[in-house]
Amino acid sequence: MQNYLAGLTDLQPEEMAGINELTKNMTASQQQQFFMLYQGKRKKPQDILLLTCLGFIVIAGVQRFVIGQVGMGLLYLFTGGLCLIGTIVDVVNYKKLATDYNLEQMYEASRMVV
């Protein structure tokens, strides 16, 4: 399992705990399948921060589209990031946005493992 964890950079403590809990009863084959699925869906916190910062210059709300929150993305897009207040809040909370998205993807990947 350590080989797979090395491929996942910037793991948050919540993610590590979730991975350990979900994979403890999996076979090696299932763990490999889980990590391949999860690694493909996972978003790095730095990517979310970069996309959020683009909201100040280019298009607000891109980070919300990337993490699957289309409604919020449209709201940010049409209101200029809620007059930049929402964008500022997202810059402060970018790690939470990424972690929440990644936890959701982790549980989805575990359900897909056969």
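Coordinate-derived values only; no laboratory data. Quick caveat, the model's predicted, so the values are computed rather than measured. For neighbour counting, all protein chains shown are included, and Cβ atoms are generated from backbone atoms with ideal geometry for every residue, glycine included.
Placing R0 at 30 angstrom, the Cβ-Cβ distance between residue 59 and residue 10 gives a FRET efficiency of 0.75 after rounding to 0.05.
Helix 70-83 sits at what angle to the longest principal axis of the chain, using alpha carbons and giving 0 to 90 degrees rounded to 10? Approximately 40 degrees, to the nearest ten.
Please compute the volume of the convex hull spanned by the alpha-carbon atoms of the chain and report it per residue in Å³. Walk me through the intermediate numbers first.
Details: hull volume 9.9 nm³, N = 114.
Hull volume normalised by residue count: 86 Å³.
With N as its number of residues, the stretch 55-114 has a Cα radius of gyration that, divided by 2.2 N^0.38 Å, comes to 1.28. For the chain, the longest principal axis of the C-alpha atoms and the axis of helix 28-41 are separated by about 10°.
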